[in-house]
Amino acid sequence: MTADRSRHGPGDGDGNRQDRPIRRASRRGVLAVGAAGLLAGCLVTSEEEGSDARQTGDGANGSDADGDGSGSGSGGDSDGSDGDESEGESTPDEVGPDGSGLVVTDVTVRDVTEGGGWTRVRARLTVRNAGRFEYGTVEFRADAYAVRPGTDEREAVGFGYVTRRFSPDDRFGEGRSRSFDVTIRFESDETPVRPKRDRYAVDAAVRRAEPL
């Protein structure tokens, strides 16, 4: 009994009173721990839901906002792009040869003459406008070649230019074909090939194109 008193304090009653608060404290501790656990669980859940909500906001709502923004942006862009397109569709001062849409479909050597130390090769170009612009001024370069008899070898002997201007009443429009006559002159000493039509060939390409 003495050992019991020394272990439990000044008396069993006091010891019992001390034990009860300790047990109450333990219950409070358990409750507090449980509540903290529950709260911790709620916080985690709230963060998860909050993260889900943020993800939804960033995803769905964000995409909606982005959609609205992109709609507004696209509206602005469309206005801008419309402006750009309208600017793009506005008639430029000049179109590069590659983008002109002018296609040389045929070149015919019509005549070859010699006189005064010069040889003249006259050719006719047939050109189709496969582009989207109507042209007021076009220019082509034509290169003449002498073809040696019995061979396919071509020797460049000279070149020339042909320029044509069209009026608003006679435009070189899309889908139309036009003929252009060009004369290429070079010194007769440039080649021993005789001045005959079947001994010469001409190639032509677009050099300049100005839409109306």
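Quick note: the coordinates plus some simple rules give every number you see, no bench work behind them. Computed from a predicted model, the values in this text were never measured in an experiment. Counting neighbours? That spans all protein chains shown, and the Cβs are built from the backbone with ideal geometry, glycine included.
Could you give the length gained by full extension between residue 134 and residue 114, i.e. 0.36 nm per residue of separation minus their alpha carbon distance, to one decimal place?
3.4 nm
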Where labels lie 7 Å past Cα in the beta-carbon direction, separation of residue 169 and residue 188 in nm: 4.5 nm
Sort the range 161-212 into rounded, prolate or oblate with this rule: let a ≥ b ≥ c be the square roots of the eigenvalues of the Cα gyration tensor; rounded if a/c is under 1.5, and if a/c is not under 1.5, prolate when a/b is larger than b/c, oblate otherwise. prolate
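Any chance you could run the full-extension gain for residue 196 through residue 103? It's 0.36 nm times the residue separation minus the Cα-Cα distance, nm to one decimal.
Details: separation 93, 0.36 × 93 = 33.48 nm, distance 2.71 nm.
The span from residue 196 to residue 103 would gain 30.8 nm if fully extended.
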Residue 137's amide H: which non-local residues (gap 5+, or another chain) put their own amide H closer than 5 Å, with H modeled 1.01 Å from N in plane and none for Pro or chain starts? 166, 210
Simple SL model, points at 7 angstrom along Cα→Cβ for residue 94 and residue 126; separation in nm is 3.0 nm
